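The structure under discussion appears below in the form of structure tokens.
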């Protein structure tokens, strides 16, 4: 047959496993951020598709020669950018099993195990995360693995639109009166979901934060919703975040929930990054009130050791997603579905087909145990606390916000004013990323440039954090010295061509910047 | 660290590779369809999440004990249901490399190789599939890997909504005047996309087919659109299909395209299953006119040997997707993006994060070469032709439609009328699926029950097709004999409890049934 035989796969599969093991063994020695310019990777690739089969060695050779230099190493232990992407080795075992089985889990009947293992694990993880029985299938709710928190947000919005219209949305679409509520720090995926759902970004309401914080003000939310209701708008969804992308801020879910209830708005809680921490009872305080939400999302592929993609979405309303997304006329539903004993997960998300994603999550849970997972989380939170302490104690730095879980936000202090601190902070980040020794991204708080240190990579050990701190201090010293000397390269790092490129493409975390560069998301409201 | 060390992964990874090799070695001996009732899998699973790590042997033991019996084996060589799900072993090598690298390809800058390899391969595959330069990045178009054709359809619709509104859709949402055109045989994902996009299913127009065929009538499309335009509707998107889910019908793209152009409607061509065949020049005739479309989709994970998920979406309008989906204010775009030399793929789909999917496609292309891939496709098409010939020559069967690529649609002939043929066809399908010897699904053409034989699994050899034909003949003989004897079990196979369950859940291909059971999709038009 035109595929490997199982015996060939055995041989070549071992070689690829060895390649992966070797890569993870040496990844710490590679520059974290890719050093190649645009087009470099493409130029290394063959002009034509191969007509004849090639040996695996040719592929692996090109992976080493082209892809590795063209890769920013998210699995590097000194990757502190964005949020972690925990592609643990133990999860890859489950991923491989999933590929081996190669099933389509769109319906229960197309592979019962694919559906039931997912239901089972999500029920158990809900309870282990402090949610109550109402979030499990047996309690009338349930969970599903989405590809990403963006998709989870979209699905929550669709369920909200359907509920809010008493089901008219399915046939009649949106009315144009719907409104959606976020804070300036809410992830841009809510704006994207509103656009995808046909509401347009003008349906977004950006609710003020509590003064001096990055957390949504419940009072401002109440006032904004009341004003909308007074003008005939229909509040459909409020997105509260536990652990915002910029600074890890926590919206007050317990205070927000009754406002949503009062107005019939769906409360979605986005804990994409921080949600993993709820597995540790002592880290659960910021999750206060989540059980009052309508839906709740936490990514297993960020900080829960599971290779992308595996975003966990739970809802208390187990029928809400199928009610919104099913397109099977009732008379065609099968007996098993009708009996309520099976779930057809295709009605829980936008795509029809679906992989056996639960297997990699199962491999993590069984391979590490809850104890191992909690150790993983606690280490990072502990190191973030240590790093924050060092920053506090160091006159050359300021802590921009209190640390949140594994995230520390800091600025370089120059003693020469906020603008000089901005420039120095940016220069430090650029130099470090350019060096390849570590990878950092930034955010902006109240117009001020802030370096984010997101501790959470699978391979990160305490000594990587201490090394980063030494690097930050050393680089800040260099930058401050250059600033005093009035170095033109510092004032405008674009002066050097290579730096210019790095400045504009590599160091620019556009994903974060778009949401936070002026402290507000890019809504239609603001563009006007 | 709380993960496997690379050395541990080497050991355990080899064991999992061996498990996969062993599974594929023996999958042909397993019953194709899972035999377990609802809840069985769940009941076998541990009540509690493990507190302590468990050895890999425990996981693999449970995979064998619980998951394998709970699995419908899509990789079985006698899986002829739905459409094939080609999780080739060679593609798993690429999948594993992708997991090993563990990158997030949301932006070019977050991993240049992830973006550039995808661009490069999709450019080459466009040309190899008979599309012209305008569908490549260098020609102003470009391709992207989506998770599924459903998502590709949604993205095409969003781009169409944005274009059709001159960009107002981004901020203002849908107007309610938009209309979307499908045939009765179009995949239900278009109805789902219309709902997700906020149009409601009432925006769907179901255009008649050409008499005696399952292909959309271009004349009827022109008339339907004209009527809508006359009443102030705005035709936004027409979905033409090459290889419908039910019978593999081919809509006349060349005749449809000018109608779309005339009315400014976006033409999306869905060749999710059949698209792979365009790599064989001699199979390209049904693709006549695709270069006139605005977007075109073919799934690498159906019949192109690539493990789910990898749906290839191309468009001639390389700026259309970012124009619709980008949420980065222009002033924040980075220099590389602005220069036009890089693509940020997050603006080409709904999710933000993305896996390095191109690697598994690369592994297939290089591991098998175009020659191997074409052999894979040609074998299935050849066997489908043979099977159709056997059906034609056998008085006990009728060919329901001409074979399409690897798909053969047939009915059991009883000589006792259409209703008896329906019952016999259904009974044959149920008996075969129940036996576990092969897996088939059905469709309905003009109220008549039709057995589909979708040839295309990676492991399928000619002898599996001949064995299926023998099984069909033998089972049909038994069913006809029982019919003559007036067996009550045949008249209503639900009489036997186990059969009842199989009848209602296992054999019911709800995905197909929902679109074709009465020859029409479940649109709002029809529900009224």
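What the table shows:
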{"item": "Normalised alpha carbon radius of gyration of the stretch A:30-188 [divisor 2.2 N^0.38 Å]", "result": "1.47"}
{"item": "Cα gyration tensor, the stretch A:1-82 - rounded (a/c under 1.5), prolate or oblate", "result": "oblate"}
{"item": "Copies compared at residue B:26 - label distances in nm, ascending, label defined 7 Å from Cα in the Cβ direction", "result": "3.8"}
{"item": "7 Å along Cα→Cβ, label-point gaps from residue A:461 to other copies, nm, shortest first", "result": "5.1"}
{"item": "Centroid-to-centroid separation of the stretch A:241-317 and the stretch A:119-150 [C-alpha atoms, Å]", "result": "12 Å"}
{"item": "Förster-model FRET efficiency, 25 Å R0, residue B:254 and residue A:54, C-beta, rounded to 0.05", "result": "0.10"}
{"item": "Largest-first principal axis extents of the Cα set of the stretch A:366-456 (Å)", "result": "52, 26, 22"}
{"item": "Enclosed volume per residue, in Å³, of the convex hull spanned by Cα atoms of chain B", "result": "170 Å³"}
{"item": "Cα-Cα P(r), the stretch B:407-490, percent of pairs per 10 Å interval", "result": "18, 52, 25, 5, 0"}
{"item": "Dimensionless Rg ratio for the protein assembly as shown, taking C-alpha atoms and the 2.2 N^0.38 Å reference", "result": "0.90"}
{"item": "Other copies of residue A:48: label-to-label distances in nm, shortest first, labels 7 Å along the beta-carbon direction", "result": "6.4"}
{"item": "The stretch B:110-161 - percent relative contact order, Cα under 8 Å, separation 6 or more", "result": "26 percent"}
{"item": "Over the stretch A:186-288, volume per residue of the alpha carbon convex hull, in Å³", "result": "104 Å³"}
{"item": "Centroid-to-centroid separation of the stretch B:195-225 and the stretch A:206-231 [C-alpha atoms, Å]", "result": "45 Å"}
{"item": "Relative contact order computed over chain B (Cα-Cα under 8 Å; 6+ residues apart), in percent", "result": "20 percent"}
{"item": "Residue of chain A nearest the A-to-B rotation axis [by Cβ], rounded angstrom distance", "result": "A:198, 1"}
{"item": "Rounded, prolate or oblate (a/c below 1.5 giving rounded, otherwise prolate when a/b exceeds b/c) for the stretch B:118-224 by Cα gyration tensor", "result": "oblate"}
{"item": "Rounded to 5, the percent of DSSP beta bridges in the protein assembly as shown classed as antiparallel", "result": "60 percent"}
{"item": "Gyration tensor verdict on the stretch A:93-133 (Cα atoms; rounded if a/c is under 1.5, prolate if a/b is larger than b/c, oblate otherwise)", "result": "oblate"}
{"item": "Rounded to 5, the percent of DSSP beta bridges in the stretch A:208-307 classed as antiparallel", "result": "20 percent"}
{"item": "Percent of beta bridges antiparallel (DSSP, chain B, rounded to nearest 5)", "result": "60 percent"}
{"item": "Inter-part distance where the stretch B:28-95 and the stretch A:381-433 are each reduced to a Cα centre, Å", "result": "48 Å"}
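Bear in mind that the values in this text are calculations on the coordinates, not laboratory data. Predicted model, so just to flag it, every value in this text is computed and none were measured. Note: ideal-geometry Cβ built from the backbone for every residue, glycine included; neighbour counts use all protein chains shown.
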